[in-house]
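Here is the structure we will look at.
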Amino acid sequence: PPAAYDNTTGLTFVLAIVLLLVYAVIMVILLMNLLIAMMNNTYTTILGVSLKRWYVERCNMMVSYEAEFTKEQMHEKRRKYGVPLDHDKRTVSASDDLFLPVTI
């Protein structure tokens, strides 16, 4: 190439360097933003799956715990710890439908 095209000094060269640096800084910021967004999406997905998994494991533990008791023992525990479905009742009779309150 002729020497006339070799311009490593002057306004054009400085402008090219400045534009290259601005482009590099903007790309780093955009890529960091993309990385943060992808990590947030992954965290949200894992959190949703882990809550479902926790509920399943909790139910499995409850079922295995209840399997150790006879029907009469389970009925006695349900009468002791259960809450009547009809909240207006103050006393619990043997024929009431009871549920065990679970806090989540």
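The values are calculated or read from the model by the stated rules, or taken from the named source; none is laboratory data. These figures come from a predicted structure and were not determined experimentally. Reconstructed Cβ throughout: ideal geometry from the backbone, glycine too, with neighbour counts over all protein chains shown. Side chains included, ligands, DNA and RNA excluded: accessible areas come from the protein's heavy atoms. Shrake-Rupley method; radii C 1.70, N 1.55, O 1.52, S 1.80 Å.
Figure legend. Inter-residue proximity from segment 2-26: first residues assigned to a helix (DSSP H, G or I), second residues at pLDDT below 90, beta-carbon distance below 8 Å, spacing 6+ or different chains. Indicated pairs: F13/N7.
Any residue at all in segment 86-98 that is modelled with pLDDT of 85 or more and open to solvent by less than 80 Å² (accessible area, probe 1.4 Å)?
From segment 86-98, those modelled with pLDDT of 85 or more are none; that's our starting set.
No: zero hits.
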